[in-house]
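Below is one structure, written out as structure tokens, with a few remarks after it.
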Amino acid sequence: MEKIGVIGLGNIAQKAYLPVMATLQDQFEWHLTTRNVDKGNQLLGKYGFKHLHQTLDQLIAEQPLAVFVHTPTKTHAKIIEQLLNANINVFVDKPVSDDFEQVVKLYNLAKSKKLLLTCGFNRRFAPFYDELHELTDKRTINVIKTREKVQQTPKDAIFDLAIHSIDTALYLLGDQKIEDMNSRIITDSEGNLAQHYLTLDTKMTRVNVTTNMESGVNLEQALVQTTTLRESVTNLTTLDKIQSNSQQQVQRPDWENTLYSRGFEPMIKTFLNAVVTKGANPVSPESAILTHKICSESCK
């Protein structure tokens with residue numbers, strides 16, 4: 001049975017990853033890593049995992065096939081580099097790094113080692129976003145993310161929050177070549193991000209990405225307008241279709257696991273299958289690098 005490591009057992013790991021990993025214990029031997037032994041033991045008991053380590057070196061000594069990295073962004077680059085140099089495949093929460101040069105360096109290292117470095121853009125694996133992705137003859141793509149009232153610097157907000165919307169927009173755009181880009185940042189009186197607006201133009205399509213940090217409501221919406229129809233997804237779970245004289249609204253099934261609707265379950269399973277079979281990276285390096293590049297340029 002292949003060993004898979006997990007380092008960083010904070011909020012995102014506990015909410016989005018460990019519940020899925022716990023269902024795969026008949027396929028993989030999971031090794032959790034955290035300096036907080038009490039937290040680690042509590043999670044072992046909760047999910048039935050059997051292996052706990054306190055340091056990255058201890059985890060690497062187990063020679064896992066891959067490691068999921070859920071530590072703070074500022075630690076990503078060092079951890080990823082150490083894992084890749086130990087010939088271990090890596091899955092990491094977005095962003096790989098908020099330093100674009102570091103992102104390129106790490107992907108080049110992964111390529112030279114013939115290893116996977118996969119960035120956790122879960123929206124690419126959400127079923128309703130898959131449907132929008134498959135639409136043809138797209139003319140307009142709008143992706144909006146709003147928060148009630150969150151205070152973050154522009155760079156932190158773009159790499160923490162807006163990066164998901166930017167990556168979603170690029171995923172929906174497909175392989176169209178971007179010919180022009182415009183970005184605008186509006187800050188509040190304390191220098192925190194209030195709104196961020198990004199426009200991307202291709203030969204036939206315009207993309208608008210909006211991030212509003214003080215909207216009074218938490219909302220995520222993606223809209224695609226083609227030459228024949230208009231489809232939008234709200235909060236990943238509601239799909240509205242408008243075509244000619246017809247209008248339809250579709251909800252994800254009541255019985256469906258939220259982690260499936262939001263793309264986490266299929267993303268995790270697709271990554272694990274790729275490392276076991278030595279298959280293609282489920283989030284191509286080229287696309288992930290482009291997302292990080294646009295985020296970096298948006299901060300300027």
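The values are calculated or read from the model by the stated rules, or taken from the named source; none is laboratory data. This one's a predicted model, so the numbers in the text were calculated from it and none came from an experiment. In this analysis, Cβ positions are derived from the backbone assuming ideal geometry, glycine residues included, and neighbour counts consider all displayed protein chains.
Side notes on the structure shown:
- Pairs are defined by a Cβ separation below 6 Å, a sequence spacing of at least 6 or placement on different chains, a first member in the range 156-179 that is under 20 Å from LEU236 (Cα atoms), and a second member that is basic (Lys, Arg) and in a loop (DSSP other than H, G, I, E, B); the pairs so defined are ILE163/LYS94.
- Any hit, the range 144-157, residues being under 15 Å from the mean Cα position of the chain (by Cα), surrounded by 21 or more Cβ atoms within 10 Å (Cβ to Cβ), in a helix (DSSP H, G or I) and modelled with pLDDT of 95 or more: yes
Residue-wise test of (1) within 19 Å of ILE268 (Cβ to Cβ); (2) assigned to a helix (DSSP H, G or I); (3) of a type in the set (A, V, I, L, M, F, W, C).
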residue: LYS15; (1), (2), (3): yes, yes, no
residue: MET21; (1), (2), (3): yes, yes, yes
residue: GLN25; (1), (2), (3): yes, no, no
residue: GLN42; (1), (2), (3): no, yes, no
residue: PHE49; (1), (2), (3): yes, no, yes
residue: LEU52; (1), (2), (3): no, no, yes
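- Selection of the range 242-291 for residues being in a loop (DSSP other than H, G, I, E, B) and closer than 30 Å to LEU84 by Cβ yields ARG262, GLY263, LYS278, GLY279, ALA280, ASN281, PRO282, VAL283, SER284.
- Selection within the range 57-78 - in contact with a helix residue (DSSP H, G or I) (Cβ under 6 Å, 6 or more places away or on another chain) and assigned to a helix (DSSP H, G or I): ALA77
- Options GLY8, GLY45; residue that is free of Cβ contacts under 8 Å to residues at least 12 places away in the same chain and not acidic (Asp, Glu): GLY45
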